[in-house]
Amino acid sequence: MGLLSIIRKIKRKEKEMRILMVGLDNSGKTTIVMKINGEDTSVISPTLGFNIKTIIYEKYTLNIWDVGGQKTIRSYWRNYFEQTDGLVWVVDSSDLRRLDDCKYELHNLLKEERLSGASLLIFANKQDIQGSLSPDEIAKVLNLEAMDKSRHWRIVGCSAYTGEGLLDGLDWLVQDIASRIYMLD
Ligand code: G3D
């Protein structure tokens, strides 16, 4: 048995999921992870490298990798792709100026072979800010319908400040991954 198969087997046994949080810098990735984890979100510093948080959700252990999104470090995202079960793409729905950049980076990421089987949750974050685009509007601007038909994806509006939408999104992601990986349970 190869090493990869052994790792997969252990992972299945421990009901672990590896989730990668990406998106442009300042979209709210770190705040979302902190809010889900019940931490104080009033003091947040930019993610320069990456943070890993382990969260127990229902009967699953989620290893969430929050990777910095600054332009200069986006080329390092590929170092984190291996064994990713779920991808969370976070959008700042109030940052209309950078939506083109956001669309380009997302579609670029989705070309990656190693992420082809990952479920994709798009968080249209910062819905609490007046003038933010709705999830439907974000879906149009990002041209999500153009994605490969085999991709499991969903867009959910949320606010990392109020917590609105976060559990809805996370729940869909975990159930979708579970239905693929743990379908024999
Ligand atoms: P990042 O990890 O994607 O780079 P951060 O983003 O989590 O560091 O958040 C970037 C800024 O956006 C932070 O503000 C944070 O408080 C704010 N933010 C994150 N989510 C929300 C949200 O849902 N609503 C609002 N209004 N703001 C949000 P600062 O001022 O620290 O730069």
_Folded to 0 to 90 degrees: helix 166-181 orientation relative to the chain principal axis, Cα_ = 30 degrees
*Packing-based exposure ordering (other Cβ within 10 Å, fewest first) of C158, C102*: C102, C158
_For the chain, alpha-carbon Rg and Dmax in angstrom_ = 15.8, 55
*Over 30 Å between C-alpha atoms is what I'm after, so list which of K15/K71; K71/K111; K29/K59; K53/K111 land there.*
K15/K71
*What residue among A124, A160, A139 has the largest mean-square fluctuation in a Gaussian network model of the chain, using Cα springs under 10 Å?*
A139
_Scattering profile of region 97-185 at q = 0.21 Å⁻¹ [log10 I(q)/I(0), Debye over alpha-carbon scatterers]_ = -1.12
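Could you compute the longest span of the chain free of trypsin sites (Lys or Arg not before Pro) located in DSSP loops and having at most 10 other Cβ atoms within 10 Å, not counting the site residues? Can you show the working numbers first?
Details: sites that count: K59, K111, K149.
Result, exposed sites excluded: 1-58.
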*What is the spin-label model distance, in nm, from M147 to F81 if the labels are put 7 Å beyond Cα along the C-beta direction?*
1.6 nm
*Specify the residue with the greatest mean-square fluctuation among T30, T162, T54, computed from a Gaussian network of the chain linking alpha-carbon atoms under 10 Å apart.*
T162
*What ratio of Cα Rg to 2.2 N^0.38 Å holds for region 139-185?*
1.39
*Report, as a whole number in µm² per second, the diffusion coefficient that Stokes-Einstein gives for region 91-149 at 20 °C and 1.002 mPa s using the Kirkwood radius over alpha carbon pairs.*
176 µm²/s
*Pick from D85, D66, D171: which is most flexible by mean-square fluctuation in a GNM of the chain where alpha carbon atoms under 10 Å apart are linked?*
D171
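Only the coordinates and a few stated rules stand behind these numbers; no lab work does. Just so it is clear, the structure is predicted and the values come from calculations on it, not from any experiment. Cβ atoms come from the backbone with ideal geometry, glycine included; neighbour counts cover every protein chain shown.
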